[in-house]
Amino acid sequence: MIYSIDDIKKLLNRYFFSDGKLTSLEEIATNQKQIFTASLISFIEDNVETLKPHLPKLMDLFRMTFPEMKELDDTTIIMDFIDYTIISEIELAHNASSIMKFFAADVSLSNSLKNFYIFRIIEKIRFAKMQRESLRDTSAYNRHIEKVLTEVKDALRVLFELDTSYDELEAILEKYYEFNRHVNIPNSWIEFFSLKGYDTFNQFIDAKKIDEKAHLDTDFE
């Protein structure tokens with residue numbers, strides 16, 4: 001049987017708030033993983049407040065949907081869930097980061113997620129510095145950095161959704177801006193300025209007087 005998003009959301013409602021069982025969702029999660037994930041994200045966004053007491057049931061659902069993660073801790077599972085939505089060929093990435101507001105309600109979990117995502121970015125920056133020393137050719141180095149930029153941007157979006165402070169992210173944003181200046185291609189600047197709308201990012205570009213129009217109007221070679 002093929003389930004629609006509405007069908008799945010009805011089953012999710014029963015699972016979280018009525019007499020539904022986890023096993024009733026297993027076949028859908030296995031055979032329609034992407035649409036199930038999209039339905040779950042939409043369901044969380046629709047029920048942020050009422051779902052807060054049911055975080056343990058949500059984690060059980062994640063473990064069922066991603067059995068390869070079942071032995072991991074809650075924070076790592078949530079990060080892997082977000083990563084899955086980003087690499088999937090469906091429009092999940094934007095919505096997935098917005099549900100971080102749900103996880104932000106749990107202070108301990110929120111702080112763990114912040115630490116993990118900040119560490120992830122710092123590791124990418126550290127590795128990039130090592131590559132700068134080993135890749136003497138500037139073009140080769142820039143190609144490497146170009147691959148890092150999207151991953152840093154995605155991690156920053158989640159951190160912004162978790163209301164990470166400007167003081168916590170200023171140094172990382174400085175390095176992200178520096179990497180963009182090294183690469184200096186249209187797509188990297190489009191991704192950079194796609195973060196506008198987040199207060200922390202806006203504070204950074206205002207403080208550093210970074211002109212969006214000047215960067216996007218650059219005569220790229």
>> At 0.36 nm per residue, and after removing the present C-alpha to C-alpha distance, how many nm does the segment from Asn31 to Ile122 gain when stretched out fully?
In response: 29.1 nm
> What dipole magnitude, in Debye to the nearest 20, does the chain give about its Cα centre under +1 on Lys/Arg Cβ and -1 on Asp/Glu Cβ?
Replying inline: 280
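Please state the equivalent ellipsoid semi-axes for the chain: what are the square roots of 5 times the Cα gyration tensor eigenvalues, largest first, in whole Å?
Semi-axes (√(5λ), whole Å): 36, 18, 17.
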>> Test of understanding: what is the full-extension gain from Leu72 to Phe17, defined as 0.36 nm times their sequence separation minus their Cα-Cα distance?
In response: 17.2 nm
> Over 21 Å between Cα atoms, which of Lys52/Lys101; Lys70/Lys124; Lys147/Lys209; Lys124/Lys175; Lys124/Lys209; Lys52/Lys114 qualify?
Replying inline: Lys70/Lys124; Lys147/Lys209; Lys124/Lys209
>> Can you compute the FRET efficiency between Ser108 and Lys57 using 1/(1 + (r/R0)^6), with r the Cβ-Cβ distance and R0 = 22 Å? Round to the nearest 0.05.
In response: 0.80
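Could you work out the helix-only [θ] at 222 nm for the chain, with each DSSP H run of four or more residues adding -39,500 (n - 2.57) and the total divided by the number of residues, to the nearest 500 deg cm²/dmol?
After summing the helix terms and dividing by the residues of the chain, the value is -23000 deg cm²/dmol.
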> Modelled label-to-label distance, Ala171 and Lys101, 7 Å Cα→beta-carbon offset: nm?
Replying inline: 3.1
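Every number here is computed from the coordinates shown, using simple stated rules; none is lab data. Bear in mind the structure is a predicted one, so any value in this text is a computation, not a measurement. Please note: Cβ atoms are built from the backbone with ideal geometry, for glycine as well, and neighbour counts cover all protein chains shown.
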